[in-house]
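Some notes on the structure that comes next.
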Amino acid sequence: MRRGVVRQIQGRYDVSERCACRFLGFERTALRYVPQRPLRDAPLRAKLREMAALYPRWGLPRLQWRLEREGMHVNHKRTERLYRLEGLAVRRRRRKRVAVPRVPRPVVTQPNDTWGIDFVSDQLASGRRFRCFTVVDHCTREAPGLTVAHSLPSEAVIRALDAMIAERGQPARLSLDNGSEFRSRAFDAWAADRGIELLFIQPGKPIQNTFCESFNSRLRDECLNAHWFLSLADAQFHIEQWRRRYNTERPHESCFPLTPAEFAQTFTASPTARLSA
């Protein structure tokens, strides 16, 4: 404010900066001072923008927790100030909207580049509900595993993924929705420890996880709707049998005339063999 008054005095009365400051009792050093806060805050602001793009439904407390987990110990008041300056607050409206735009999905070229994960629910003959955790490789369309249980919290999902990774290798990314199991701190910490990138779809847009949604529709049409499960063990048996047939006996449209398992083997063969396949 006082800097503006100095400039006005200079312009109106055609006096020097020294005279204007002396008349107003304003130090020239204060007039010429360049704030260092923008330069000091630039790395933190960039990190907040990066995390907000990766976790668009996270609020300030979880972003602060993630900063501390990555070794950036910043006062929460400073984080809040920059959070508001960047306009990252999550808007709560009738229709869900994210605070930052999404980035294009990476192109999948190799097995284990991206796995799509989701849940499908069904019920037993007794009427009790159960859930099925589905996983699909976006490149080969294989289903590395299907986990069936009455309850599948984030800890159970982590155990299932660890078992699949031990058998097939680790994916670079996971494509997933905004379910509470995937938004938990335990799941986020597990992915960060393993170096797996989490690609969350926009709320209300399952088409962004299209490979997994397509697989879920086949699972329901060819297995869940075709069986009357007497118990959870019965459901586990039939669903696992269907998964194996899906991988090894059923040609997929995207890799026709090969099955997903046969198509996956072409990536371990020579380039000539892949072209001939």
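The values are calculated or read from the model by the stated rules, or taken from the named source; none is laboratory data. All values reported here derive from a predicted model rather than from experimental measurement. Positions of Cβ are backbone-derived with ideal geometry, glycine not excepted, and every protein chain shown enters the neighbour counts. For the accessible areas, the whole protein counts, side chains as well, though only heavy atoms, and no ligand, DNA or RNA atoms are used. Shrake-Rupley method; radii C 1.70, N 1.55, O 1.52, S 1.80 Å.
Roughly speaking, what is the stretch gain from residue 178 to residue 220, that is 0.36 nm per residue apart minus the C-alpha to C-alpha distance, in nm to one decimal?
Working: separation 42, 0.36 × 42 = 15.12 nm, distance 2.15 nm.
Fully extending the segment from residue 178 to residue 220 adds 13.0 nm.
Using modelled backbone amide H atoms (1.01 Å from N, in-plane), which distant-in-sequence or interchain residues come within less than 5 Å of residue 135's amide H?
The list, which skips near neighbours in sequence, is 145.
Quick query: amide H of residue 130 versus all other amide H atoms, modeled in the peptide plane; which residues come in under 5 Å with a sequence gap of 5 or more or a different chain?
Residues meeting the criterion, in which the H sits 1.01 Å from N, are 122, 123, 124.
Between 175, 210, 20, whose Cα lies farthest towards the positive end of the dipole of the chain when Lys and Arg beta carbons carry +1 and Asp and Glu beta carbons carry -1, centred on the Cα centre?
The one lying farthest along the dipole's positive direction is 20.
Using only the Cα atoms, work out Rg/Rh for the chain, with Rh taken as the Kirkwood radius, to two decimals.
Working: Rg = 27.6 Å, Rh = 22.8 Å.
In the chain, Rg relative to Rh is 1.21.
Taking every DSSP beta bridge that has both residues in the chain, what percent is antiparallel when rounded to the nearest 5?
65
Whole Å is fine, so just give me how far the alpha carbon centre of the range 139-181 lies from that of the range 194-241.
Cα centroid to Cα centroid, the span is 11 Å.
Using a ≥ b ≥ c from the Cα gyration tensor of the range 22-72 (square roots of the eigenvalues), is it rounded, prolate or oblate, where a/c under 1.5 gives rounded and otherwise the larger of a/b and b/c decides, a/b for prolate?
Numbers: a/c = 4.01, a/b = 3.60, b/c = 1.11.
Judged from the Cα gyration tensor, the range 22-72 comes out prolate (a/c at least 1.5, a/b above b/c).
What is the extension gain from residue 46 to residue 86, computed as 0.36 nm multiplied by their sequence separation minus the C-alpha to C-alpha distance, in nm to one decimal?
Values: separation 40, 0.36 × 40 = 14.40 nm, distance 0.95 nm.
Contour length minus the Cα-Cα distance gives 13.5 nm.
Just to verify a number: what accessible area does residue 107 come out at with the full protein assembly present, 1.4 Å probe, Å² rounded to tens?
Residue 107 exposes around 120 Å² with every protein chain in place.
What ³J(HN,Hα) values, in whole Hz, does the Karplus curve 6.51 cos²θ - 1.76 cosθ + 1.60 give for the range 59-72 when θ = phi - 60°, with x put for Gly and Pro?
x, 4, x, 6, 5, 5, 4, 5, 4, 5, 5, 8, x, 9
How would the range 147-206 be classified by its alpha-carbon gyration tensor: rounded, prolate or oblate, with rounded meaning a/c under 1.5 and the a/b versus b/c comparison settling the rest? Write out the running numbers ahead of the final one.
On the way: a/c = 1.57, a/b = 1.17, b/c = 1.35.
Oblate, because a/c is 1.5 or more while a/b does not exceed b/c.
Sort the following peptides by mean Cβ neighbour count (other Cβ atoms within 10 Å, averaged over residues), highest first: 45-58, 67-80, 184-197. The partial results should precede the final answer.
Values: 45-58: 17.1, 67-80: 12.4, 184-197: 14.7.
Answer by packing, highest mean first, reads 45-58, 184-197, 67-80.
Would you mind getting the accessible area per residue of the chain, heavy atoms of the protein chains only, 1.4 Å probe, in Å²?
Details: 16010 Å² over 277 residues.
Here the per-residue accessible area is 58 Å².
Let me check something: with ligands and nucleic acids excluded, how do 26, 133 order by accessible area (1.4 Å probe), largest to smallest?
Numbers: 26 35, 133 0 Å².
Highest to lowest solvent-accessible surface, that is 26, 133.
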